[in-house]
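Engineer: One structure follows; several queries about it will come next.
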Amino acid sequence: MDLLQQIVARAKANRQRIVLPEATEERTLRAADRVLADELADLILIGNPQELDRLAAQWGLTNIRKATIIDPEDNPKSETYAQQLCELRKSKGMTIEQARQLVKNPLYLGCMIIKTEGADGQISGALSTTGETLRPALQIIKCAPGITCVSGAMLLITKQPQYGENGIVVMGDVAVTPMPDANQLAQIAVCTAQTAKSVAGFEEPRVAMMSFSTKGSAKHEVVDKVVEATRLAREMAPELKIDGELQADAALVPSVGQKKAPGSDIAGRANVLVAPNLEVGNIGYKLVQRLGDAIAIGPILQGIARPVNDLSRGCSVDDIYYMVAITACQAMDAR
């Protein structure tokens, strides 16, 4: 069973309630129909029921009515949500009139459903930008305890089983925070290790804090940041297996790890790679994907108290289907 099949199997075994706020978008609705047919998750679709019925009939989708459908323009909980949202944002100057308008926005409505424990996670991005997806999540659901920055992890499935976890590596941050400081980088390390457990199913995440230096082989302030981040991550999560600073070859190749970082229990055995900044992370995973012919799954957003994931606007039906499964796996661990 490959990794995607494992993720789907875990999601099916413990079905979560996932909100799709862009339910009238064709790829999203087709993916929803498949999710419902496969009993992958319990879906909450946001949209006008009559319009969803019309689109389902037009596209030959027969399972849509198995979902809970919430009409943002005719929602009996709108006023309750508006009052709660206004209370959440009153320190930022939100008025009740503004809140009443926002809870008609599907992205805000979905986050309010999660905040009030009516759902476990949300996925958008087929129509919305990353900023539009993240804004209501950060305003309403907020970051997980002890976390102040959101980041994105990528699952890299390679054809090199000698590296990582049988060829699978989880890498972060590849999507969100451009120049993390040491504290933020430590948070990214802890969150990426958690994603490796909850989504990739790693029993033992082994985290390498990456740099152009291994154990003092170079001196620079950016190396100092990685060393400090490693120390902070150990304080945040004492049980976490983590080491740094390590070059990529020292992190992944046992023979190189033994030479460059003798005595390290991570060097040469890492299955989680933490880039020192977004530039390195984003470029690095795309090089592995294109030159190494790896499968890249994500980015998977992490650091939010409940999972809210972002799709590419060029996503496929398959992308949405598997992101539902990934979000479900995150949700199980977030409880």
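The values are calculated or read from the model by the stated rules, or taken from the named source; none is laboratory data. Just so you know, these numbers come straight off a predicted model, no measurement behind them. As a convention, Cβ positions derive from the backbone with ideal geometry for all residues, glycine included, and neighbour counts pool all protein chains shown. What goes into the accessible areas is simple: the full protein's heavy atoms, side chains included, and nothing from ligands, DNA or RNA. Shrake-Rupley method; radii C 1.70, N 1.55, O 1.52, S 1.80 Å.
Engineer: Which one of Ala200, Ala218, Ala41 has the biggest mean-square fluctuation once the chain is modelled by GNM with Cα springs under 10 Å?
Structural biologist: Ala218
Engineer: Follow-up. Skip the ligands, DNA and RNA, and give the accessible area per residue of the chain with a 1.4 Å probe, whole Å².
Structural biologist: Dividing the accessible area of the chain by its residue count gives 44 Å².
Engineer: Considering only protein heavy atoms and a probe of 1.4 Å, how much of the accessible area of segment 209-277 is carbon and sulfur, as a whole percent?
Structural biologist: Here it works out to 54 percent.
Engineer: Same structure, new question: What is the local net charge at Glu245, summed over the other residues whose Cβ is closer than 14 Å to its Cβ (Lys, Arg +1; Asp, Glu -1)?
Structural biologist: Net local charge, Glu245 excluded: +1.
Engineer: What number, in percent, do you get for the relative contact order of segment 218-335 if the mean sequence gap of Cα pairs under 8 Å and at least 6 apart is divided by its residue count?
Structural biologist: Working: 82 pairs, mean separation 15.3, N = 118.
Worked out over segment 218-335, it gives 13 percent.
Engineer: Relative contact order, percent, of the chain when contacts are C-alpha pairs under 8 Å separated by at least 6 residues?
Structural biologist: 23
Engineer: Given a 1.4 Å probe and every protein chain left where it sits, what share in percent of the accessible area of segment 146-191 is carbon and sulfur?
Structural biologist: Looking at segment 146-191 in its full context, I get 55 percent from C and S.
Engineer: Looking at the chain as a GNM with Cα springs under 10 Å, which of Ser198, Ser255, Ser91 has the largest mean-square fluctuation?
Structural biologist: Ser91
Engineer: Explain nothing, just the number: dipole magnitude of segment 1-80 about its Cα centre with +1 on each Lys and Arg Cβ and -1 on each Asp and Glu Cβ, in debye rounded to the nearest 20.
Structural biologist: In debye, rounded to 20, segment 1-80 gives about 420.
Engineer: If you don't mind, another one. Between the helical axis of 317-334 and the dominant principal axis of the chain, each derived from Cα atoms, what acute angle in degrees is found, rounded to the nearest 10?
Structural biologist: Tilt of helix 317-334: around 80 degrees.
Engineer: Under the rule of at least 5 residues apart or a separate chain, name every residue whose amide H is placed under 5 Å from the amide H of Ile168.
Structural biologist: Thr158
Engineer: I'd like the distance between the alpha-carbon centres of segment 289-327 and segment 126-202, rounded to an integer number of Å.
Structural biologist: Spelled out, the Cα-based centre of one part sits 11 Å from the other.
Engineer: Around Leu127, what is the net charge, scoring Lys/Arg as +1 and Asp/Glu as -1 over all other residues with Cβ under 10 Å from its Cβ?
Structural biologist: Working: positive: Arg27, Arg313; negative: Glu22, Glu25, Glu132.
After counting each charged neighbour, the total is -1.
Engineer: Please report, as a whole percent, how much of the solvent-accessible surface of segment 43-88 comes from carbon and sulfur atoms (probe radius 1.4 Å). Let's see the in-between values first.
Structural biologist: Working: 1200 of 2520 Å².
About 48 percent, which is the carbon plus sulfur part of the accessible surface.
Engineer: Here is a further query. What dipole magnitude, in Debye to the nearest 20, does segment 216-284 give about its Cα centre under +1 on Lys/Arg Cβ and -1 on Asp/Glu Cβ?
Structural biologist: 220
Engineer: In whole Å, how far is the Cα centre of segment 69-105 from that of segment 234-287?
Structural biologist: Cα centres, segment 69-105 to segment 234-287: 45 Å.
Engineer: Right, another one. What residue among Gln58, Gln98, Gln247 has the largest mean-square fluctuation in a Gaussian network model of the chain, using Cα springs under 10 Å?
Structural biologist: Sorting by GNM fluctuation, first place goes to Gln58.
Engineer: Further question on the same structure: Could you work out the relative contact order of segment 94-204? I mean the mean sequence separation of Cα pairs under 8 Å and 6+ apart, divided by the number of residues, in percent. Could the numbers behind the result be given before it?
Structural biologist: On the way: 96 pairs, mean separation 19.8, N = 111.
For segment 94-204, the relative contact order is 18 percent.
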